[in-house]
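Chemist: One structure is given below, represented as structure tokens, and several questions about it will come after.
The values are calculated or read from the model by the stated rules, or taken from the named source; none is laboratory data. In this text the structure is predicted, and so the values were computed from the model without any measurement. No Cβ is skipped: glycine too gets one built from the backbone with ideal geometry, and neighbour counts run over all protein chains shown. Ligands, DNA and RNA are excluded from the accessible area calculation, which covers all protein heavy atoms including side chains. Shrake-Rupley method; radii C 1.70, N 1.55, O 1.52, S 1.80 Å.
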Amino acid sequence: MKVVLVGYGKMGKEVERVLLEKGYDVVGRVERGGDFGVIREGDFVVEFALPDATIPALKAAKEYGKKYILGTTGHTQEQLETIKEFGNYIPIVHSSNFSVGVFLLKEAIKTLMPYINDWDVEIVEIHHKWKKDSPSGTALSIAKLFEREITKCRTGERKRGEIGVFGVRGGDVFGEHTVYMLSEGERIEISHKLSTRRALANGVVIALEFLKGKDKGYFTFDEILRESFTSQQ
């Protein structure tokens, strides 16, 4: 199967390495300022780029009838709504994180949530110093599970029903997310740490395999994994 990459930074290069190992053909790359017309050459588009590339790339994918994997983060709410609309025309898998481990972390949190309604919750994430958005899309997606008011820059006393999400940037950290659940005299910490981008690239392959039988629709990586794990039980 033929793949076109939109975005060719560190993640794009890692995706390319894994795809070639798995027998996919990478037939085109769109770097910043490049021509989206090359999308016509592939069967799939895999995007890890900047947010302003997404809508033009999706328009090209719609025009040429291509299947789409979207891993770019940092979109506005308006952009996110537009992205979902493209699922009416082409199949899209959209996720802020293609790690199986992050999915499992979220599932573990869901198991605990009924028992920690009155606990405080904070999320701290660490990424390399080149990451554009902060906090990360993954951290925000975890925070939304708790259905509380999300604050990114807290000053003063913590408010009831609030959840703090903090981004740390430095070095070459691939990605770490820690959820702190705190009560008087005790706390629970759940962490996920990436040691290589390969884990994310392997998740992209899972998404590509899922899309082979799809003609249109908007899907999340979490939905794909939940369906897969359920079918294995």
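Chemist: State all residues of region 20-60 that are under 20 Å from LYS214 (Cα atoms) and within 18 Å of the chain's Cα centre (by Cα); if no residue qualifies, say none.
Modeler: PHE44, VAL45, VAL46, GLU47, ALA57, LEU58
Chemist: Among the residues of region 36-50 satisfying the criterion of being at pLDDT 95 or above and open to solvent by 30 Å² or more (accessible area, probe 1.4 Å), which is nearest to GLU16 (Cα to Cα)?
Modeler: Filtering region 36-50 for residues that are at pLDDT 95 or above and open to solvent by 30 Å² or more (accessible area, probe 1.4 Å), the one nearest to GLU16 (Cα to Cα) comes out as PHE48.
Chemist: Cβ contacts < 8 Å: first residue more than 18 Å from VAL124 (Cβ to Cβ) and modelled with pLDDT under 90, restricted to region 145-172; second residue part of a loop (DSSP other than H, G, I, E, B) and not small (Gly, Ala, Ser), any location; separation 6+ or different chain. Result?
Modeler: Partner pairs satisfying both residue conditions: GLY161/ARG148.
Chemist: Kindly provide the set of residues from region 173-186 that are in contact with a helix residue (DSSP H, G or I) (Cβ under 9 Å, 6 or more places away or on another chain) and assigned to a loop (DSSP other than H, G, I, E, B), ordered by number.
Modeler: PHE174, GLY175
Chemist: A follow-up question, please. Taking the options LEU104, LEU112, name whichever one is farther than 19 Å from VAL204 by Cβ and loosely packed, with under 15 Cβ neighbours inside 10 Å.
Modeler: Of the residues listed, the single one that is farther than 19 Å from VAL204 by Cβ and loosely packed, with under 15 Cβ neighbours inside 10 Å is LEU112.
Chemist: Another question, then. Determine whether region 120-127 contains at least one residue that is of a type in the set (Asp, Glu) and without any contact (Cβ under 8 Å) to a residue 24 or more places away in the chain.
Modeler: So far as region 120-127 goes, no, none of its residues is of a type in the set (Asp, Glu) and without any contact (Cβ under 8 Å) to a residue 24 or more places away in the chain.
Chemist: Might you check whether a residue that is out of contact with any Ser or Thr (no Cβ under 9 Å at 6 or more places or on another chain), closer than 23 Å to LYS131 by Cβ and in a helix (DSSP H, G or I) occurs anywhere in region 60-75?
Modeler: No, region 60-75 contains no residue that is out of contact with any Ser or Thr (no Cβ under 9 Å at 6 or more places or on another chain), closer than 23 Å to LYS131 by Cβ and in a helix (DSSP H, G or I).
Chemist: While we're here: Since LYS84 meets every condition but one in (1) over 15 Å from GLU209 (Cα atoms); (2) touching a Phe, Trp or Tyr at 6+ places or on another chain (Cβ under 8 Å); (3) modelled with pLDDT of 95 or more; (4) open to solvent by less than 60 Å² (accessible area, probe 1.4 Å), which condition does it not meet?
Modeler: (4)
Chemist: For region 1-22, which positions are basic (Lys, Arg), over 16 Å from GLU41 (Cα atoms) and either open to solvent by less than 20 Å² (accessible area, probe 1.4 Å) or in contact (Cβ under 8 Å) with a residue 40 or more places away in the chain (or both)?
Modeler: Residues satisfying the conditions are LYS10, ARG17, LYS22.
Chemist: Report, by residue number, each residue of region 21-59 that is assigned to a helix (DSSP H, G or I) and of a type outside the set (D, E, K, R).
Modeler: Correct list: PHE36, GLY37, VAL38, ILE39, PRO51, ALA53, THR54, ILE55, PRO56, ALA57, LEU58.
Chemist: Oh, and also: Report yes if THR230 is over 17 Å from the mean Cα position of the chain (by Cα) and among the hydroxyl-bearing types (Ser, Thr, Tyr), otherwise no.
Modeler: Answer is yes for this residue.
Chemist: A follow-up question, please. Mind listing just one residue for me: the one in region 127-158 that is of a type in the set (A, V, I, L, M) and either open to solvent by 50 Å² or more (accessible area, probe 1.4 Å) or assigned to a helix (DSSP H, G or I) (or both) and, of those, farthest from ALA201 (Cα to Cα)?
Modeler: Applying the filter and picking the extreme gives ILE150.
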